[in-house]
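For reference, the structure is listed below as structure tokens.
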Amino acid sequence: MKKFLNIIVGGIQSKIFNLVMVTALMIVASYAGVTWYQTRSLSRLVKETNEKQQASIDEISSESMMNLMEDSLGRNIELESYIADDALGGLQSNVLMVGEYAEVLLAHPARYPSRIPAGPSAENDGKPAVQLLLSEGVSLDDPDVAAKAGLLGNISEMMLSVYNNSPEMNSCYIAAPEGIIIAVDEHSAQKVDENGNVRSFPVTERPWYIAAEKAGHVVFTGVERDYFSGRVGIICAVPIYINGELEAVVGADLFLDSMTEAFSVPENEGTILCIINERGQVIFSSEEEGLFRATPADQARDLRSRWYGELAEFIQNVLDGSRDVGLVKASGKEYYMAGARLESVGLAIISVVDKELTEQPAVMMNERLNEIQNEASLAYNESIYRSRTTILLLLSGIFILTIVNARWLGRWIVRPLEKMTKRVGSLSGDNLQFTMEDTFRTGDEIEVLAQSFANLSEKTMHYIDEVQRATAEKERIGSELRMAKDIQASQLPNKFPPYPERSEFSLYASMDPAKEVGGDFYDFFLIDDDHLALVMADVSGKGIPASLFMMVSRILIKTHLTDGEDPATTLMRVNNQLLEGNGAEMFVTVWLAVVNLVDGTGVAVNAGHEHPVIRRAGGPYELLEYKHSPAVATMEDMIYKSHTFELHPGDSLFVYTDGVPEAVNAAKEQFGTARLVEALNTDPDRDVQSTVEAVTEAISVFVQDEEQFDDITMLCFEYNGPSKPEGQA
């Protein structure tokens, strides 16, 4: 193109000028054609830009929602699994505890008096009461029945204590094959008829009794209906065998409505929390209808069946111990799911969110975007129509003036459109901001169109900023967790040898933390010149709460020991102090010992911790197993049992947390205590640091590339004998 008289020959301005000079009709026709071409191109660019914006929004929304759901469900399932594992594990622990006492009772009947409980009475309704029930045709006139009932009556007070300390429990009972059951609950009135006569109870025909007898070990039933009230719930039961013969079945149950109060059931619509047993059946659900509802055991479906496809595979993986988070298709719908195995009871907890509900904000945003685009398009089309009509009328009346003003008119109309077309065409990727410029402020439809683009662009950028802020917040939380983990590790003694001037012993410890802040800790310190304290502990749970609980526990233990208290008294006092304000119901397992460095004697307390490993001089390492005391912070005024031991020069102790035996490989096999002892005995004469490093290497070889889920903490102590006076060889 060339310029002539400051007009670009061959351009839009020259075409307008030439057409006006030839004929007004040709000017109108040519200008109309040019306007139509420009507007069509602009419409096409607008459409393409809208499609790009739509695709970008959909992609960002989908990725952000997936990341947010995986992060949210992953953290939520940690909390839910801890709460559910604590509730169901507590139920199972209570049943096993009563079962252990019953086993001793039934094995030695001659040691106990006959204590036949009274039958149920309506006067006791609403109060915890011990009640004796009999099957139809069974009578206390039978000497065998009376003897068995009198013997089992000795367990009444223990069951009453267990019931009173378990608010979520509906009832606790022990049943015998003779047709006897002794129950503790608050529903005495349900067990008598309108005449006050005690109703019979078919003990040996109840599903929980049959399931426990058939399994031969502790079991959780499916959803069962209570014989007297008709309410539904789940039951934990354990059989008691004496000399191979079934003597009794101990059980306890939870009603589903009580479980809803005990567990952290989500309240937001569309989120479902359910618990699944080892048979793939839903035994508890916050959903009353639908695929994940809880149904009676005889009607329950096995969700591991191949008919459920991805859902069956997901549930089986969780039951096998995998902690999964992901998108799962089931019954023609897609769900975000997170699952975890409840290790203490062998069940699985699943959190489910309907994907359709998570997409609603994006759908609403897209609908609003379409509305804005349609409004902008409508305004643009109306503006073009009015502009064309106005131009035709004006050009007819001002033919002569048009010749004079043709160049100015061509520039005034075309320049903003060309610049706007170029700007819209450049919108892509991260460059989605369309801003108003003075060029677009024409006071007509072009300004309306440009303002519509600017408004739409501003809303799009605002949404992108919101997504970026959410991502930054997630990164901030991760950074704080890493800092907390570093602070936690710095609190533990890490200088070795810790007391280079002391020759009586050698000591080395290590903690390999998992990704999250954990609750493992070890400690050692001289109480005085002749006594050394050794501590190995593991706080329940993960995260910042467990870390804080760990620090408090460590300080309290050290404070009481340095004040001269023995290990058993120390843990008793620490137990009561930790229970004060322990709303999170956290607890800590502790192995605590005090060693006399003069003669090698020691006193140790094991509060629910792993068994230590001991080696006598010149011999192999051996697991030292004995009955534990309960964990610390579980029950007020707990009495802890201590035991004494004696170390000779060359003897060693090796203690550790559950992260060592529970380390898993890709096949989900645990490292176990057998492999631990084997690793220690590959070269039992190693020094303490080499011993710890050898076990660490053995675990690393075993798990290979499998992710570490728990802290791995170890301590090795070797007694060298009392120090010798200076100058003595």
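Things worth noting here:
- Taking other C-beta atoms within 10 Å as the exposure proxy, H531, H462 rank H462, H531 from fewest upward.
- Ranked list, fewest to most other Cβ atoms within 10 Å of each Cβ, for M635, M364, M337: M364, M635, M337
- With 19 Å as the limit on Cα-Cα distance, the pairs of K333/K355; K191/K214; K333/K668; K127/K148; K329/K542; K627/K668 that go past it are K191/K214; K333/K668; K127/K148; K329/K542; K627/K668.
- Using a simple spin-label model with pseudo-atoms 7 Å out from Cα toward Cβ, E447 and A146 lie 10.8 nm apart.
- Short-range pairs are left out: with C-alpha atoms under 8 Å and at least six residues apart, the relative contact order of segment 265-358 is 26 percent.
- The phi-based Karplus calculation (6.51 cos²θ - 1.76 cosθ + 1.60; θ = phi - 60°) puts the 3J(HN,Hα) values of segment 227-244 at 4, 9, 8, x, 6, 9, x, 10, 10, 10, 9, 9, x, 10, 10, 10, 6, x Hz, whole numbers, x for Gly and Pro.
- In segment 663-729, trypsin sites (Lys or Arg not before Pro) in a DSSP loop with at most 13 other beta-carbon atoms within 10 Å: K668
- Among the chymotrypsin sites (Phe, Trp or Tyr not before Pro) in segment 563-626, those placed in a DSSP loop whose Cβ has at most 11 other Cβ atoms within 10 Å are Y626.
- Placed amide H near L624: partners under 5 Å, 5+ positions off or other chain: V613, I614
- Legend: ranking of residues D523, D599 from fewest to most surrounding C-beta atoms inside 10 Å; resulting order D599, D523.
- Close amide-amide hydrogen proximity is noted between T442 and E447, each under 5 Å apart and 5 or more residues distant or on a separate chain (H modeled in the peptide plane; Pro and chain starts excluded).
- Per-pair calculated FRET efficiency, R0 = 22 Å: S200 and D125 via Cβ, rounded to 0.05: 0.70
- Full extension of the chain between D529 and E310 gives 72.5 nm of extra length, using 0.36 nm per residue less the Cα-Cα distance.
- Karplus-based coupling profile of segment 95-107, in residue order and whole Hz: 5, 5, 5, 5, x, 4, 5, 5, 5, 5, 4, 6, 6, with θ = phi - 60° in 6.51 cos²θ - 1.76 cosθ + 1.60 and x standing for Gly or Pro.
- Cα→Cβ-extended label distance, 7 Å offset, between A667 and D320, nm: 1.3 nm
- Close amide H pairs (under 5 Å, H built 1.01 Å from N) link I712 with D512, A514, residues at least 5 positions away or on another chain.
- Summing Cβ point charges (Lys, Arg +1; Asp, Glu -1) relative to the Cα centre of segment 491-719 gives a dipole of roughly 220 debye.
- HN-Hα J in Hz across segment 655-669 - Karplus 6.51, -1.76, 1.60, θ = phi - 60°, x for Gly and Pro: 10, 6, 9, 5, x, 6, x, 9, 5, 10, 9, 5, 8, 6, 8
- Sparsely packed loop sites in segment 645-688 (the GluC sites (Glu not before Pro) outside DSSP H, G, I, E and B with at most 15 other Cβ atoms within 10 Å) comprise E662, E669.
- Each Lys or Arg adds one and each Asp or Glu subtracts one; over the other residues with Cβ under 14 Å from the Cβ of G99, this totals -4.
- Based on the Kirkwood approach, the hydrodynamic radius assigned to segment 108-259 is 15.7 Å, with every pair of different Cα atoms included.
Values quoted throughout were computed directly from the atomic coordinates according to the rules given, and no laboratory measurement underlies them. What you see is a predicted model; the values in this text were computed from it and never measured. Using ideal geometry, Cβ is built from the backbone for each residue, glycine included, and neighbour counts are taken over all protein chains shown.
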